[in-house]
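Working notes, beginning with the structure itself.
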Amino acid sequence: MKNYPPQFKADAVALYQSRPEATIRQIAADLGINPETLRNWIRAAGASRPRGRRAEASAEPPTPLEVENAALRQKVRELKEERVAATA
């Protein structure tokens, strides 16, 4: 069994908490670890995360990167809508 440093475990749990759209399996694959290992770390940390888009907004203002990501997501949605309209 591989022994992971505590900081790696903490970072993995933090990544899980910061990506409510991603599954444990996806995050584990990104990190190159077993999904059950990540699940155990999350349970041991007592971690939770907001669920879906209805989660309460953070009291802190969004970071510039979050603002940019939101704008890019919006642009992707617009382009998809344009593509659907053009093929209809």
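The values are calculated or read from the model by the stated rules, or taken from the named source; none is laboratory data. Here the structure is a predicted model, which is why all the values come from computation and not from measurement. Don't worry about glycine lacking a Cβ; one is built from the backbone with ideal geometry, like all the others, and counts go over all protein chains shown. Keep in mind that these areas ignore ligands, DNA and RNA; they rest on the heavy atoms of the full protein, side chains included. Shrake-Rupley method; radii C 1.70, N 1.55, O 1.52, S 1.80 Å.
Observations on the model:
- Each principal axis of the Cα atoms in the chain has its own extent, and those three values, largest first, are 54, 33, 21 angstrom.
- Most fluctuating residue given options PRO61, PRO35, PRO20, as computed from a GNM of the chain linking Cα atoms under 10 Å: PRO61
- Were the residues from LEU72 through GLN7 laid out at 0.36 nm apart, the gain over their Cα-Cα distance would be 20.3 nm.
- Within straight-line cross-link reach of LYS80, aspartates and glutamates at Cα separation under 19 Å, skipping those fewer than 8 residues along the same chain: GLU68
- Around the Cα centre of the chain, unit charges on the Cβ atoms of Lys, Arg, Asp and Glu (plus for the first two, minus for the last two) sum to a dipole of about 380 debye.
- Residue-span extension gain [ALA47 to LEU65] - 0.36 nm each, minus C-alpha spacing: 4.1 nm
- Cβ-Cβ FRET estimate between THR23 and GLU82, R0 fixed at 35 Å, reported to 0.05: 0.75
- Each of the GluC sites (Glu not before Pro) that DSSP puts in a loop and that has at most 10 other Cβ atoms within 10 Å breaks the chain; the longest unbroken stretch is 22-55.
- Per residue, the stretch 8-52 exposes 61 Å² of accessible surface when a 1.4 Å probe is rolled over the protein heavy atoms with every protein chain present.
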